[in-house]
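Read through the structure below, which is laid out as structure tokens, and then see the notes.
The values are calculated or read from the model by the stated rules, or taken from the named source; none is laboratory data. If you're wondering where the values come from, they're calculated on a predicted model, not measured in any experiment. So basically every Cβ, Gly included, is an ideal-geometry build from the backbone, and we count neighbours across all protein chains shown. These accessible areas exclude ligands, DNA and RNA; they are computed on the full protein's heavy atoms, side chains included. Shrake-Rupley method; radii C 1.70, N 1.55, O 1.52, S 1.80 Å.
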Amino acid sequence: MTSRSPEPSATVGAPAIAERANAEAVERICAAEPVLVDVRPALEVVPGMTGDTILTSGAPLAWDEYFGGQRTGVVGGALYEGLAADANEADEKLLAGEIRVRSCQEYDCVGSLAGVYTATMPVLIVENAATGQRAFCNLFEGVSPSRLNYGVYNDDVRRNLRFLGEVIGPMLGEAVRTSGGVPLTPLMRRALHMGDELHSRNTAATLLFTRELFPALLELAGARADDVTATFEYLKSSDYFFLRLSMASSKAAADAARGIEGSSVVTAMVFNCRDFAIRVSGLGDQWFRGPLPTKFGAKLFEGYTDDDVEFMGGESTMNETVGLGGFAQAAAFALQDYQGGSAERMVEANLAMYEIALAEHPEYRIPFLGFRGVPVGIDVHRVAATGITPVLDIGIAGKQGGQIGAGSYRAPLEPFAAAAEAHVRRYA
């Protein structure tokens, strides 16, 4: 794929070095060419992964700082891998460091909700063909509201994880290798034209991806008919499957913009159970932390109230980091039925995101806005100056575990303001 160069606008309130650096950062994000190249167990492909390592979402915390569903998810991961006999032993080993808990972002991974990765879990391997960088995301666990990434671990969750590891992961991997890899930008570009914003809605993208794999799966059906049938059933029932591919694609694109001297472009937005955090291209690996996001508009499943909501972490907001999700809401009016709100409010929120972004993506466009490119290149100085913070489309977890709704949330202002101040101190 060849993208035309985006044309970033000036950075407000930033040192002079930022303009050229930000142009480069935006160019790298927009020039990313994500390709699904394989599906393999994390231990085989994730750099630095070990059998006793468990990854989880958000900026890193000490083990005793994790709580609620995110803590339960990590303990569940330890039990799933047989690293402990029961939850109490797992907790003791995690506290002692015998089982290592690490941030997904440290390992080129991107986590959904609690974002639990263990050694044997299959991961989607997405390579940025423009740079050779890779990003990894584990598989969607299916339609049940009770999932490990939503802070639930029981026999049903364990059996489903085994099914993903023993059937779906290997079958998808073989199909992807047989097909020679699946370029993702063309699918994402078209899905935006078909009603997806590639965060809370991935229906079109999942169908388009399944169509790409169809010939390879048919070729493999002769020898492995039952596994191919199971894989088709999994894809058919999982409208959310493609979210994991868009997350890995977004991380690969954002990582291409990391480490540019002078840039004030955001290259990561993540949260754990305690705080929301961002990283900035020209400020190294430092996390700028603030309070958790606040509700902008949400729809809870029947029987739940705001008192039932719990933050368990999440890194699917990497999608917003590169202009998808809440930055493309006007492409996905069908989300009104899933996460509430109105078309008018979605358009209003989407348009506001152009105020804090430096450019418009040359490939990812919103039909309702006259095929305007999604806003890309979040600038911490623009956020700090306007007080407008990113809109995030996220799933909502419950205090008892499981998914209880979905909606749009606002990122806090504090980490952007702190990053803007740090950027001025360093480069002024």
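Structural remarks
- Shape call, the range 344-421: gyration tensor on alpha carbons, a/c limit 1.5: oblate
- Rounded, prolate or oblate (a/c below 1.5 giving rounded, otherwise prolate when a/b exceeds b/c) for the range 297-428 by Cα gyration tensor: oblate
- In order along the range 337-353, the phi-based Karplus estimate (6.51 cos²θ - 1.76 cosθ + 1.60, θ = phi - 60°) of 3J(HN,Hα) comes to 6, 8, 10, x, x, 9, 4, 4, 5, 5, 5, 4, 5, 4, 4, 5, 5 Hz; Gly and Pro are listed as x.
- Hydrodynamic radius by Kirkwood, which averages 1/r over all alpha carbon pairs of the range 168-234, in angstrom: 12.5 Å
- For the range 206-264, a/c is not less than 1.5, where a ≥ b ≥ c are the root eigenvalues of the C-alpha gyration tensor, and a/b tops b/c. That puts it in the prolate class.
- Along the chain, the exposed loop sites are GluC sites (Glu not before Pro) outside DSSP states H, G, I, E and B with at most 15 other Cβ atoms within 10 Å, and the longest stretch free of them is 99-260.
- Förster-model FRET efficiency, 35 Å R0, Glu65 and Glu219, C-beta, rounded to 0.05: 0.10
- Contour excess over end-to-end distance, with Cα ends at Lys236 and Val347 and 0.36 nm allotted per residue: 37.0 nm
- At a Cβ-Cβ separation cutoff of 4.7 angstrom, cysteine residues of the chain with no neighbouring cysteine are Cys30, Cys137, Cys273.
- Compactness of the range 45-144 as Cα Rg over 2.2 N^0.38 Å, two decimals: 1.07
- 222 nm mean residue ellipticity, helices alone, for the chain (DSSP H n ≥ 4; -39,500 (n - 2.57); rounded to 500): -11000 deg cm²/dmol
- Segment Arg425-Thr386, extension gain: residue separation times 0.36 nm, minus the distance between their alpha carbons: 12.1 nm
- The residues of the range 18-80 have, on average, 34 Å² of accessible surface per residue, using a 1.4 Å probe with all protein chains present.
- Applied to the range 372-380, the Karplus parametrisation 6.51 cos²θ - 1.76 cosθ + 1.60 on θ = phi - 60° returns per-residue 3J(HN,Hα) values of 5, x, 4, x, 9, x, 5, 9, 4 Hz, with x for Gly and Pro.
- More than 17 Å apart - percent of Cα-Cα pairs taken over the range 231-348: 67 percent
- Mean-position separation - Cα centroids, the range 124-172 and the range 228-257, in angstrom: 9 Å
- For the range 295-425: relative contact order, % (alpha-carbon pairs under 8 angstrom, 6 or more apart): 33 percent
- Under 17 Å from Lys399, Cα to Cα: lysines that are on another chain or at least 8 residues apart: Lys295, Lys299
- With 0.36 nm allotted per residue and the present C-alpha distance subtracted, the Thr50-Leu413 stretch has 127.1 nm of extension available.
- Translational diffusion of the range 135-208, µm² s⁻¹ [Kirkwood Rh, Cα pairs; Stokes-Einstein; 4 °C; 1.567 mPa s]: 91 µm²/s
- Taking only protein heavy atoms and a 1.4 Å probe, the accessible area of the chain is 50% carbon and sulfur.
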